[in-house]
Amino acid sequence: MTFNELGLSEKVLSAVEASGYTTPTPIQAQAIPQALAGRDILGIAQTGTGKTAAFVLPMLSRLEKGRARARMPRTLILEPTRELAAQVEESFVRYGVNHKLNVALLIGGVSFADQEAKITRGADVLIATPGRLLDFSERGKLLLTGIEVLVIDEADRMLDMGFIPDIERICKLVPFTRQTLFFSATMPPEITRLTETFLQNPVRVEVARAATTADNITQRLVATRGGPEKRETLRQLLRSADDLKNAIVFCNRKRDVVLLHKSLLKHGFPVGALHGDMDQRARMASLEAFKTGDVDLLVCSDVAARGLDIPDVSHIYNFDVPIHAEDYVHRIGRTGRAGRSGTALTLVTREDAKYVDAIERLIGNKIEWQGPRPDELAAGEAEPVARGRGRRGPGGRGERRPARAEAAAREQRPGSQQRSRPSGGRGSEDRGRDARPQRDGAHQPRQHGRPATPERGEQRRPARQEAHEPTPVGLGDHVPSFLLRPTRLPQSRRMEEEV
Ligand code: AMP
């Protein structure tokens, strides 16, 4: 099949040709004709399948008729993160070279004034993260009553981040007669319910999940102890890798991204960082430096990296075992693309056994160990991974806190973001950029008539966190029944700043 057969306009086709794409991907081949016919689409596909063009191209064809009016965008694309929103904007630039369209971006972390100017001028395409969009709408700076096409992208990620109530509100602000294009990599019940409520007789288009445990990805577990020794283990792995071209190093928490980034720089590695406490410009600069090869290594948090179109990388290092097994699949899916070979190494401490089990259950395979198991790492013995290189005993230089403290901190990690944050004002670590300590807890000012509890987004992830819940303390089994009644937790906009 060729793009010519899909019913796209001449202008769009010539832009696609200029991009060098000749054959539509399966999601494009299935979704584009239906979208052009005005149907609602339920696309089950993840990043890397070409789903962005699957909605951008038919939108461009449709936008050729009509004009935008001040403060009344014609189409709206909702994205969970700023980077994804910026990536979609790039697609409009690339595929819309033959169109004179105004594309506006409404994302957190960027000045209101510039964004307002674009909206006021009239936007054909508005790409937004949900919180910033609602802020604009509620300030009367934006009218959603002219929306002809609504795209909800990465819906399951929106769910993870606690954005679903915002999405529901937005769906009620746009006209009933709009066309809705809805994309999600997975279909948990909350997402199914959303599609049943807000899509009208959608065409379901499903493309196979990318082969995440493909044979071309060599996966290994590497035993390590925690604390500074873990960083030493990573350095040994980096130094001893034969075929390392470039690598992404994943940490579970932003604070560890910062720490590891500093540490690797100190040890002379060309490395960038990507996490949610960085401002937008710094995030884009890091990403660009990695894409262009100015740095070979990128230390990332999951949420910041999720869904990004990062070119093929040769190695993935899981500095931390991901707490959510699906994150492992997403992380290692960054390598071994397009049939190339890749390597994914996961550093595992004794405390990580249950997370490794969950990953192995999810991928349906046991992952081989490179070297001994964590239990076999004798106390006082150096890390074994580099097979004799750079051996160093515990408590080496640069130790900031004892391994035991590190292990204790790890114990708190699973599902701990709203419950067991270490004391000492480190609250912003796992929350949004604008989650200031003074706005914590019950004293938070209400936003839009709803209390803004800092980690509400996290509270919306019970299924993923269940396994990590500690035995209840305090009221324990004797919780009064009125406290057990289900409540609808309000939404935290701040999760947008989190990623
Ligand atoms: P996406 O799933 O939208 O994030 O796209 C993943 C990557 O596939 C992007 O780098 C696109 O530029 C690329 N891509 C999109 N459509 C095609 C196509 N028809 N042929 C080859 N590559 C494509």
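The values are calculated or read from the model by the stated rules, or taken from the named source; none is laboratory data. None of the values given here were measured: they were computed from a predicted structure. As a convention, Cβ positions derive from the backbone with ideal geometry for all residues, glycine included, and neighbour counts pool all protein chains shown. Accessible surface is based on the protein model in full, side chains and every heavy atom, while ligands, DNA and RNA are left aside. Shrake-Rupley method; radii C 1.70, N 1.55, O 1.52, S 1.80 Å.
If you take every DSSP beta bridge fully contained in segment 3-206, what fraction is antiparallel? Give it as a percent rounded to 5. Could you put the intermediate results ahead of the total?
On the way: 1 of 25 bridges.
If I count the DSSP bridges inside segment 3-206, around 5 percent turn out antiparallel.
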What FRET efficiency comes out for the pair Val203/Thr22, r = Cβ-Cβ distance, R0 = 25 Å, nearest 0.05? 0.55
Can you give the accessible area of Phe92 in Å² (nearest 10), computed on protein heavy atoms with a 1.4 Å probe? 10 Å²
Quick one: go through segment 99-138 and flag any residue whose amide nitrogen is under 15 Å from the point 7 Å out along the Cα-to-Cβ line of Asp279. 108-114
For segment 3-206, the charge dipole (Cβ of Lys, Arg +1; Cβ of Asp, Glu -1; about the Cα centre) points to a positive end, and the Cα of Phe183, Asn102, Ala70 closest to that extreme belongs to Ala70
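I'd like to compare 286-293, 26-33, 75-82: which one has the highest average count of other Cβ atoms within 10 Å, and what's the full order after that? All intermediate terms of the calculation are to be shown ahead of the outcome.
On the way: 286-293: 16.8, 26-33: 23.0, 75-82: 26.2.
Ranked by mean Cβ neighbours within 10 Å, highest first: 75-82, 26-33, 286-293.
Across every pair of different alpha-carbon atoms, what Kirkwood hydrodynamic radius in Å does segment 3-206 reach?
On the way: mean 1/r = 0.0598 Å⁻¹.
The Cα-based Kirkwood calculation yields 16.7 Å.
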Write down the accessible area per residue of segment 39-131 in Å², having rolled a 1.4 Å probe over the full set of protein chains. 34 Å²
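Once you charge only the Cβ atoms, +1 for Lys and Arg and -1 for Asp and Glu, what is the size of the charge dipole of segment 98-227 about its Cα centre, to the nearest 20 debye?
Working: 15 positive and 16 negative charges, 39 e Å.
With only Lys, Arg, Asp and Glu charged at Cβ, the dipole is about 180 debye.
Just how many pairs of Lys in segment 217-381 have C-alpha atoms closer than 20 Å, counting pairs that are eight or more places apart or on different chains?
On the way: Lys230/Lys254; Lys230/Lys262; Lys230/Lys266; Lys230/Lys354; Lys245/Lys291; Lys254/Lys262; Lys254/Lys266; Lys354/Lys366.
For segment 217-381, qualifying lysine pairs total 8.
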For segment 217-381 the mean separation of alpha carbon contacts under 8 Å (6+ apart) over residue count, i.e. relative contact order in percent, is 35 percent
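So how strong a dipole does segment 217-381 carry about its Cα centre when Lys and Arg Cβ are +1 and Asp and Glu Cβ are -1, to the nearest 20 debye? Each step should come with its number before you reach the end.
Details: 25 positive and 24 negative charges, 49 e Å.
Dipole of segment 217-381, to the nearest 20 debye: 240 debye.
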For segment 66-164, the dipole about the Cα centre with charges only on Cβ (Lys and Arg +1, Asp and Glu -1), to the nearest 20 debye, works out at 600 debye
Given 93-103, 43-53, 232-242, the highest-first ranking by average Cβ count within 10 Å works out to 43-53, 232-242, 93-103
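Tell me, what is the percent relative contact order of segment 3-206, built from C-alpha pairs under 8 Å that lie six or more residues apart? Each step should come with its number before you reach the end.
Values: 366 pairs, mean separation 59.3, N = 204.
Rounded, it is 29 percent for segment 3-206.
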Hey, what do the phi angles of segment 290-298 turn into as Karplus ³J(HN,Hα) couplings, whole Hz, using 6.51/-1.76/1.60 and θ = phi - 60°, x for Gly and Pro? 6, 5, 7, x, 5, 10, 8, 10, 9
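Rg/Rh for segment 227-337: what does it come to with C-alpha atoms and Rh from Kirkwood? Provide the component values of the computation, followed by the final result.
On the way: Rg = 12.7 Å, Rh = 13.8 Å.
Using only Cα positions, Rg/Rh for segment 227-337 is 0.92.
What's the ranking of 138-146, 355-363 by average number of surrounding C-beta atoms within 10 Å, highest first?
Details: 138-146: 15.3, 355-363: 17.4.
The densest-packed peptide leads the list: 355-363, 138-146.
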Non-local residues with an amide H under 5 Å from the amide H of Ala223, with H modelled 1.01 Å from N and Pro and chain starts lacking one, are Val348, Gln370
Excluding residues on the same chain fewer than 8 positions from Lys118, give the lysines whose Cα lies under 19 Å from its Cα. Lys100, Lys141
